[in-house]
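Asks: The structure is given below, and queries will be raised subsequently.
The values are calculated or read from the model by the stated rules, or taken from the named source; none is laboratory data. Here the structure is a predicted model, which is why all the values come from computation and not from measurement. For neighbour counting, all protein chains shown are included, and Cβ atoms are generated from backbone atoms with ideal geometry for every residue, glycine included.
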Amino acid sequence: MLLAVTLSVSALSACTTSAPTDTAASPAATGESPAATGVASRLDTIIQRGKLICGVEGTIPGFSFVDSSGKYSGLDVDVCRAIAAAVFDTSADIDSKIEYRNLDSTARFPALASGEVDVLSRNTTWTSSRDATGGNGFDFAPTSFYDGQGILVTKASGIKDLKGLQGKSVCVETGTTTELNLASRTKEIGVTVNEVKFQDSNAAIAAFQEGRCEAFTSDRSQLAAKRTALPNPDDAVLIDAVLSKEPLGPVTVNNDSKWSDVVKFTMYALIQAEEFGITQANVAEKLKDPNPDIQNFLGVQGELGKQFGLANDYVVKVVEAVGNYGEVYERNVGKGSDLKIGRGPNNLWTNGGLMYSPPFR
Amino acid sequence: MTTTSPPSFSTRPDVAQIGAIAWVRKHLFSGWFNSLVTVVLGSLLIRSIVGFIGWATTTAQWKVIPENLPLYFVGQFPPDQYWRIWALLWMISALSGLTWGNLSQNVPHLFSRTVLIWVGILAVIFVLAPTPLPYRLLLLATLGLVLGGAWAGRYLSQSLPSFGLGLAIAWGLSFFIMLWLMAGGFGLKPVSTTAWGGLLLTLFMSVVSIVLCFPLGVALALGRQSTLPVVRLLSTVYIEVVRGVPLIALLFIGAVMLPFFLPGNVRLDLVLRAIFGLTLFSAAYLAENVRGGLQSIPRGQAEASSALGLNTPLTLGLIVLPQALKVAIPSIVGQFISLVQDTTLVSIIGLSDLMRISRAVLANPLYIGRYAEVYLFIGVIFWVLCYAMSWGSRQLEARLKTTN
C-alpha cells in the first residue's frame with residue numbers, strides 16, 4: 001500500500017510516457033487481432049470488445065448530462081454516438097454499444113493514457129502541450145466546438161474589463177486551462193486578483209451566486225448556460241473580454257493513427273454532411289443523389305470507409321444516428337435547446353465560421 | 001373538608017412548578033443572561049425557519065425532484081427492468097420483517113403504539129409520495145410485506161426452534177439473489193454496473209463494504225494485539241498507513257492509477273474497485289475501534305477461560321470478542337455511518353452514486369440552478385439512512401445489555 005502511494009506521485013508524471021506502450025500492449029495480449037496492417041490498433045480492441053468506452057464529463061449543460069429518462073444527452077455525447085455508429089456500422093440502439101465513463105478534470109488524462117477510455121469527448125481544449133509527445137502526448141480530433149474563456153461579473157461590482165478585476169475575487173475551476181489563462185492574462189496587465197478555486201464548475205457558480213466572488217471565469221458557452229440559470233440573470237453580465245481560444249474536441253492517445261483517423265474522419269463527416277445538406281431525415285434519399293462527390297461520401301461508390309478499416313457506408317450510419325454537425329449543434333446547444341448559443345465561429349466556413357472539412361475523395 | 005388553613009403555614013402557592021410555563025421559566029428565563037441568550041437565539045431560529053418555509057413554498061422549484069425520481073433511486077438502470085429492483089426491495093423487506101418478528105418473539109406486543117405511529121407516518125408518506133399511483137401502491141405493499149413478515153416471523157420463531165438459523169442462511173443467500181437481480185445473467189437481461197446508480201449504488205456499496213470490512217477489521221485488531229511479532233508488525237503497518245492516507249487518494253489510486261499497473265487486457269470493474277477501496281479504508285479504522293473494545297476486557301477474563309481449559313481461538317470467540325464487540329458497538333456503528341457518507345466520494349471516480357447522479361441532473365438545462373432543492377433532498381435521504389443505522393444500533397445495545 002505504501003508502495004502504491006509513493007508510486008501514485010511518480011506515475012502521475014510518468015503517465016504520458018507509459019501510455020503508448022499500454023495501449024499497444026492491450027490488443028496484443030488478447031491474442032490475434034484482425035488488423036491486416038500488423039500494427040495492433042485500439043480500433044480492433046473496440047470492435048472485439050463490442051463496446052466503445054467514451055469518457056464524458058457528465059455534468060456540463062448542453063454538452064453532457066443525464067436527462068430525466070436516464071439517458072446521456074449533449075453535444076459531447078452525440079460525438080460519442082457518431083464514433084460508435086462509425087465503428088460498429090449501425091445506427092439502431094446506439095447507446096447499447098457505448099459505455100459512458102464520467103471523468104472530472106483531474107481524472108480525464110490519466111484515464112485516457114491508461115486506456116481506461118478509448119476516446120475523450122469531454123470539453124477538452126486542444127493545446128500544444130497536450131498534443132506534443134513531450135507533453136501529454138495525445139491526439140486531437142477536429143474541434144467540435146470553438147469556445148473562448150470569458151468572465152461573468154455581477155452587475156453590482158461594476159466591472160467592465162480585465163483591469164476592473166483589480167483586487168476582486170474570481171471563482172475559477174481548478175485543474176483547467178481557465179485557471180492558467182486567468183493567471184497569465186492578469187499578470188500581463190499587472191492586475192492582482194484573488195482566485196477562489198473549486199473542484200467543479202457547479203460549485204463555482206453557486207459560490208458566485210452567493211456573492212462569495214464578484215466574478216466567475218469559465219468558457220463562454222458554460223457561462224451562457226450558467227447565467228440563464230441564475231435566479232436573476234439580469235444581475236450578471238458577461239463582459240466583452242475574451243481571455244483565450246478554446247477549441248474543444250475529442251481526444252485519443254498518440255501513436256495510433258488507425259484509431260485517431262477514425263475519430264477525426266467521423267468528426268469531419270459530420271461537418272461535411274452539413275455542407276452537402278445531408279440530414280438525418282434525408283440521408284436515405286441522398287444515397288440516390290447523382291453527384292459523384294456525395295456518392296463517394298456516402299459509400300455508394302469508391303472505397304472511402306474501407307480505407308479507414310470501417311464499413312464503406314459508415315457516414316450513412318453516423319448521420320442516421322445523430323444527424324449532421326448543424327443538427328447536433330442546434331439540438332444540444334443552439335436553437336433547439338435552452339442554451340440558445342449562436343453558431344458564431346461554429347458555423348460552416350461557407351457561412352463565415354470555422355467549421356471546415358478536408359474533401360472526402 | 002377543610003375550608004381554612006392556619007395562616008402561619010401559608011406561603012406563596014406553588015402554581016408554576018409544573019406545566020409548560022414553569023418549564024420555560026426554569027430552563028429558558030432563569031436569569032437576565034439566560035433570558036438574553038434565549039431571546040437572541042430564539043429570534044435567530046424563528047427567522048431562519050420562517051425564511052426556510054418562505055423559500056420552500058415560493059422560490060424553490062420542486063419539480064426537479066419528482067421528474068427525476070427514478071434517477072435518484074436507481075440511476076440509469078434500464079426502466080423495463082425496474083421490476084427487478086422492486087423484487088429486490090420486497091425480498092429485503094420480507095426478510096427484515098421476519099427478522100424483526102424473530103427478534104421480538106418474547107415481547108408481549110409486536111405492534112406497540114410507537115411502532116403503529118411510525119407505520120402510520122410511513123403509510124401517509126407513501127400515499128402522498130409524488131409518484132404515479134402504481135408506485136405508491138407498490139410502496140404500500142412493501143410496508144405490508146414488512147408487517148406481515150414480522151407477524152409471520154414471530155409466529156414461526158415460537159413454533160420452529162431452528163427458525164433463527166434458517167433466517168441467517170436466508171440472509172446469506174439473499175446477497176447472491178441481490179447480485180443476480182442487479183447484474184442479470186442466468187436468464188435475466190444483463191445490466192452493466194455502469195448503469196447502477198443513485199441510492200441503489202450507494203446502498204450496494206455501503207452494504208457490501210460494511211459486510212466485508214467487519215471481519216477484516218476484527219482480524220486486524222486481533223493481529224495488532226497478537227504475540228507473534230510478524231503478524232503484529234504487519235497489522236500495525238497496515239492500519240497506520242491506511243489511516244494516514246485520505247480515502248479520496250485511495251479511491252483515486254484504485255480508479256486511475258491501477259490500470260497502469262495491471263496488464264492491458266485486464267479491466268477491473270469500477271464498482272468493484274470502489275468497494276475495494278472503501279473496504280480497505282474502513283477496515284483500518286474499524287480495527288482501532290475493535291481494539292478499543294478488546295482493551296476494555298480485563299485480562300482476568302482471558303486468564304479465567306484458559307484456566308478452564310479453553311484454547312486461544314475458543315477464548316477469543318466465546319469470551320473476549322463477544323464482550324469486546326458489545327463495548328465497541330457505538331464506535332463501530334459510528335464508523336459504518338461515516339462509511340455510508342464516504343460513498344459520496346466515489347463520484348470523483350465517475351460512479352453515478354446519489355451525489356454524482358444529482359450533479360448530472362443539475363446539468364440538465366431544464367434544471368440548472370436547482371442545487372438547494374436537490375441537495376436538500378439527498379441530504380434527507382442520507383439522514384434517514386444514517387438515523388436508521390443509529391436507531392438499529394441502539395436497539396442492538398439494549399438487547400445485548402446484561403445487568404451486572
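Asks: Within region B:261-274, identify whether any single residue is touching a residue at least 40 places away in the same chain (Cβ under 8 Å) and aromatic (Phe, Trp, Tyr), and answer yes or no.
Replies: No, because not a single residue in region B:261-274 is touching a residue at least 40 places away in the same chain (Cβ under 8 Å) and aromatic (Phe, Trp, Tyr).
Asks: Tell me which residues, restricted to region B:41-65, are in contact with a helix residue (DSSP H, G or I) (Cβ under 9 Å, 6 or more places away or on another chain), surrounded by 12 or more Cβ atoms within 10 Å (Cβ to Cβ) and part of a helix (DSSP H, G or I).
Replies: Within region B:41-65, B:Trp55, B:Ala56, B:Trp62, B:Lys63, B:Val64 meet the criteria.
Asks: Within region A:206-219, restricting attention to residues that are out of contact with any strand residue (DSSP E or B) (no Cβ under 6 Å at 6 or more places or on another chain) and without any contact (Cβ under 8 Å) to a residue 60 or more places away in the chain, which residue is surrounded by the fewest Cβ atoms within 10 Å (Cβ to Cβ)?
Replies: So the residue we want is A:Glu210.
Asks: Right, next: Output the number of residues of region B:74-97 satisfying the condition of being within 11 Å of another protein chain (Cβ to nearest Cβ) and surrounded by fewer than 19 Cβ atoms within 10 Å (Cβ to Cβ).
Replies: So the count comes out to 3.
Asks: Can we say B:Leu314 is under 28 Å from the mean Cα position of the chain (by Cα) and either away from chain A (no Cβ under 12 Å) or not in a loop (DSSP other than H, G, I, E, B) (or both)?
Replies: Details: under 28 Å from the mean Cα position of the chain (by Cα): no; either away from chain A (no Cβ under 12 Å) or not in a loop (DSSP other than H, G, I, E, B) (or both): yes.
No.
Asks: Would you mention how many residues in region A:57-110 are of a type outside the set (Ser, Thr, Tyr) and closer than 23 Å to A:Ser221 by Cα?
Replies: The total comes to 26.
Asks: Every residue in region A:216-234 that is more than 13 Å from A:Ile205 (Cβ to Cβ) and within 14 Å of another protein chain (Cβ to nearest Cβ), please.
Replies: A:Ser221, A:Asn232
Asks: Still on this structure, I have one more. Give the residues of region A:178-199 that are touching a residue at least 60 places away in the same chain (Cβ under 8 Å) and either surrounded by fewer than 19 Cβ atoms within 10 Å (Cβ to Cβ) or of a type in the set (A, V, I, L, M, F, W, C) (or both), sorted by residue number.
Replies: A:Leu182, A:Gln199
Asks: Another one. In this structure, is B:Tyr155 modelled with pLDDT under 90, hydroxyl-bearing (Ser, Thr, Tyr) and within 25 Å of B:Lys63 (Cα to Cα)?
Replies: No.
Asks: Looking at B:Lys63, is it at pLDDT 80 or above and within 30 Å of B:Ala129 (Cα to Cα)?
Replies: yes
Asks: Report, ordered by the first and then the second residue, all pairs with beta carbons closer than 8 Å, sequence separation of six or more or different chains, a first member in region A:117-131 that is small (Gly, Ala, Ser), and a second member that is surrounded by fewer than 24 Cβ atoms within 10 Å (Cβ to Cβ) and assigned to a loop (DSSP other than H, G, I, E, B).
Replies: That search, which allows pairs on different chains as well, returns A:Ser128/A:Gly135; A:Ser129/A:Gly135; A:Ser129/A:Asn136.
Asks: Only one residue in B:Val320, B:Val327, B:Val346, B:Val340 is within 14 Å of chain A (Cβ to nearest Cβ) and touching a residue at least 24 places away in the same chain (Cβ under 8 Å). Which one?
Replies: After ruling out the rest, the residue left standing is B:Val346.
The rows are residues; the columns are (1) crowded, with 19+ Cβ neighbours inside 10 Å; (2) outside the structural domain of B:Ile275 (by TED's automatic domain parsing).
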{"position": "B:Leu308", "(1), (2)": "no, no"}
{"position": "B:Asn311", "(1), (2)": "no, no"}
{"position": "B:Ala324", "(1), (2)": "yes, no"}
{"position": "B:Ser331", "(1), (2)": "no, no"}
{"position": "B:Val340", "(1), (2)": "yes, no"}
{"position": "B:Thr344", "(1), (2)": "no, no"}
{"position": "B:Leu366", "(1), (2)": "no, yes"}
{"position": "B:Ile378", "(1), (2)": "yes, yes"}
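Asks: Can you find a residue that is surrounded by fewer than 22 Cβ atoms within 10 Å (Cβ to Cβ) and polar (S, T, N, Q) anywhere in region A:319-334?
Replies: The answer is no; no qualifying residue exists.
Asks: Sticking with this structure for a sec: Which one of these is assigned to a helix (DSSP H, G or I), at the interface with chain A (Cβ under 8 Å from one of its Cβ atoms), β-branched (Val, Ile, Thr) and in contact with a helix residue (DSSP H, G or I) (Cβ under 6 Å, 6 or more places away or on another chain): B:Ile248, B:Ile239, B:Ile253?
Replies: After ruling out the rest, the residue left standing is B:Ile253.
Asks: Still on this model: If you go through region B:183-198 one residue at a time, how many are touching a residue at least 12 places away in the same chain (Cβ under 8 Å), of a type outside the set (Gly, Ala, Ser) and within 14 Å of chain A (Cβ to nearest Cβ)?
Replies: Total satisfying the criteria: 5.
Asks: If B:Ala249 satisfies all but one of (1) of a type in the set (Gly, Ala, Ser); (2) within 30 Å of B:Val380 (Cα to Cα); (3) buried (at least 21 other Cβ atoms within 10 Å of the Cβ), what's the number of the condition it fails?
Replies: For B:Ala249, the exception is condition (3).
Asks: Can you name the residue in region B:367-384 that is without any contact (Cβ under 8 Å) to a residue 60 or more places away in the chain and assigned to a helix (DSSP H, G or I) and is also farthest from the other protein chains (Cβ to nearest Cβ) among such residues? Can you show your working first?
Replies: To start, the set of residues in region B:367-384 that are without any contact (Cβ under 8 Å) to a residue 60 or more places away in the chain comprises B:368-369, B:371, B:375-376, B:379-380, B:382-384.
With assigned to a helix (DSSP H, G or I) added as a condition, the list becomes B:371, B:375-376, B:379-380, B:382-384.
Values: B:Tyr371: 6, B:Tyr375: 10, B:Leu376: 14, B:Gly379: 15, B:Val380: 19, B:Phe382: 18, B:Trp383: 21, B:Val384: 23 Å.
Here the answer is B:Val384.
Asks: Do we find a residue being in a loop (DSSP other than H, G, I, E, B), crowded, with 17+ Cβ neighbours inside 10 Å and more than 16 Å from the chain's Cα centre (by Cα) anywhere in region A:229-240?
Replies: Yes: one or more hits.
Asks: Another one. Can you name the residue in region A:96-135 that is among the polar types (S, T, N, Q) and touching a Cys at 6+ places or on another chain (Cβ under 9 Å) and is also surrounded by the most Cβ atoms within 10 Å (Cβ to Cβ) among such residues?
Replies: Of all residues in region A:96-135, those among the polar types (S, T, N, Q) come to A:96, A:102, A:105-106, A:114, A:121, A:123-125, A:127-129, A:133.
Still in the running and touching a Cys at 6+ places or on another chain (Cβ under 9 Å): A:114, A:121.
Numbers: A:Ser114: 24, A:Ser121: 31.
That would be A:Ser121.
Asks: Moving on. Where the second residue is among the hydroxyl-bearing types (Ser, Thr, Tyr) and at pLDDT below 90 and the first is in the same structural domain as A:Ala224 (by TED's automatic domain parsing) and lies in region A:63-86, which pairs have Cβ atoms under 7 Å and are six or more apart or on separate chains?
Replies: none
Asks: Check A:Trp259 against each of (1) within 14 Å of chain B (Cβ to nearest Cβ); (2) modelled with pLDDT of 85 or more; (3) crowded, with 18+ Cβ neighbours inside 10 Å and name the one condition it does not meet.
Replies: (1)
Asks: Select from region B:102-116 the residues that are outside any helix (DSSP H, G or I) and among the hydroxyl-bearing types (Ser, Thr, Tyr) and write down the one among them that is surrounded by the most Cβ atoms within 10 Å (Cβ to Cβ).
Replies: If we take residues in region B:102-116 being outside any helix (DSSP H, G or I) and among the hydroxyl-bearing types (Ser, Thr, Tyr), then B:Ser104 is surrounded by the most Cβ atoms within 10 Å (Cβ to Cβ).
Asks: Checking the condition modelled with pLDDT under 90, under 22 Å from the mean Cα position of the chain (by Cα) and part of a helix (DSSP H, G or I), which residue from B:Phe176, B:Phe276, B:Phe260, B:Phe204 passes?
Replies: Step by step, each of B:Phe176, B:Phe276, B:Phe260, B:Phe204 is checked, and only B:Phe276 is modelled with pLDDT under 90, under 22 Å from the mean Cα position of the chain (by Cα) and part of a helix (DSSP H, G or I).
Asks: While we're here: Can you find, within region A:90-111, the residue that is farthest from A:Asn202 (Cα to Cα) among those that are touching a residue at least 24 places away in the same chain (Cβ under 8 Å) and acidic (Asp, Glu)?
Replies: So, considering only residues that are touching a residue at least 24 places away in the same chain (Cβ under 8 Å) and acidic (Asp, Glu), the one farthest from A:Asn202 (Cα to Cα) is A:Asp95.
Asks: Which residues, taken from region B:173-232, are under 30 Å from A:Ser96 (Cα atoms), β-branched (Val, Ile, Thr) and either out of contact with any Ser or Thr (no Cβ under 9 Å at 6 or more places or on another chain) or surrounded by fewer than 16 Cβ atoms within 10 Å (Cβ to Cβ) (or both)?
Replies: In the first step, residues of region B:173-232 are kept if they are under 30 Å from A:Ser96 (Cα atoms); the result is B:174-209.
With the extra rule that they be β-branched (Val, Ile, Thr), the set shrinks to B:177, B:191, B:193-194, B:202, B:207-208.
B:Ile177, B:Val191, B:Thr193, B:Val207 - these are the residues of region B:173-232 that are under 30 Å from A:Ser96 (Cα atoms), β-branched (Val, Ile, Thr) and either out of contact with any Ser or Thr (no Cβ under 9 Å at 6 or more places or on another chain) or surrounded by fewer than 16 Cβ atoms within 10 Å (Cβ to Cβ) (or both).
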